[in-house]
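Right, one structure below, let's go through it.
Read the figures in this text as sums done on the coordinates, not as results from a lab. Keep in mind that this is a model prediction, so the values were computed, not measured. Here Cβ is always computed from backbone atoms with ideal geometry, including for glycine, and neighbour counts include all displayed protein chains.
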Amino acid sequence: MKKLKGLLKASHFGPTLLVTGISFSFAQHYWWEGPAYVIAFGVFTGQLVVGWSNDLVDLEDDLRHQRNNKPLVAGSINQETLHHWLRFMVPFSFFVNILGPLGIKGGLVYMMGVACGVAYNFYFKFSLLSPLPYAIAFAALPSCIAISREISPPRWMLLGGALFGMAAHFINVIKDMKEDHVSGIRGLPQRIGTRGSAITAGLLVTCGGLVVFHFR
């Protein structure tokens, strides 16, 4: 039970559950309740990959800043356990998504979003282009469900998803801004600072809302 709790916490369970819930809502709209559960499960497995890889990449930094709320730092799970589950979950998530209701096209679009999340953990987090993976991944999440029904994703979905995704990035970084500066993490939010990130997030959310309202 302790290991299970550690694995769920290492997945960043709150955001993972939120993304899964959003996917379920879109899946209910485009499909119906049965396939929606399968799609949401597939999305959940992909978010586990993103969250677990993030905790592995961040371990050294988490230890430096004594983030005892992280399961790897607290010792509720170890790196070997997380590596083991990642080796299983990556192919499992891939096949669950492309063989499920999303189909090959929709499944590949969603897995592209997962790949963006992993790429952020390993590279883009330290880059001026740090918002880019969020923009792609958040646009891909609802779009993959539309594509699974042979529907071209509407403009509001692509633009709105990208804008809300970038806003989520700026908001998410604010809480660790000081520690990131100490660690030399230089994504775009860290470069413009806490105040700049808060303003940027607000503008992105506003623009996202206007895009959805205008194009729907």
**Message:** Give the residue list of trypsin sites (Lys or Arg not before Pro) in the stretch 162-194 that are DSSP loop and have at most 13 other beta-carbon atoms within 10 angstrom.
**Reply:** LYS175
**Fill in**
Computed, not fitted: 222 nm per-residue ellipticity of the chain from DSSP H runs ≥ 4 (each -39500 (n - 2.57)), nearest 500, equal to -27000 deg cm²/dmol
**Message:** With mean projected area of the Cα convex hull in nm² as the read-out, I listed (1) 11.6; (2) 14.1; (3) 12.5; which label goes with the value calculated from this structure?
**Reply:** (1)
**Prompt:** In terms of modelled amide H atoms, which long-range or inter-chain residues lie less than 5 Å from the amide H of LEU129?
**Reply:** none
**Message:** Below 8 Å between Cα atoms, with a sequence gap of 6+, how large is the relative contact order for the chain in percent?
**Reply:** 18 percent
**Message:** Considering all alpha-carbon pairs of the stretch 59-161, what whole percent are spaced by more than 23 angstrom?
**Reply:** 43 percent
**Item:** Pairs of lysines in the chain (C-alpha under 22 Å apart; 8 or more residues apart or interchain)
**Value:** 11
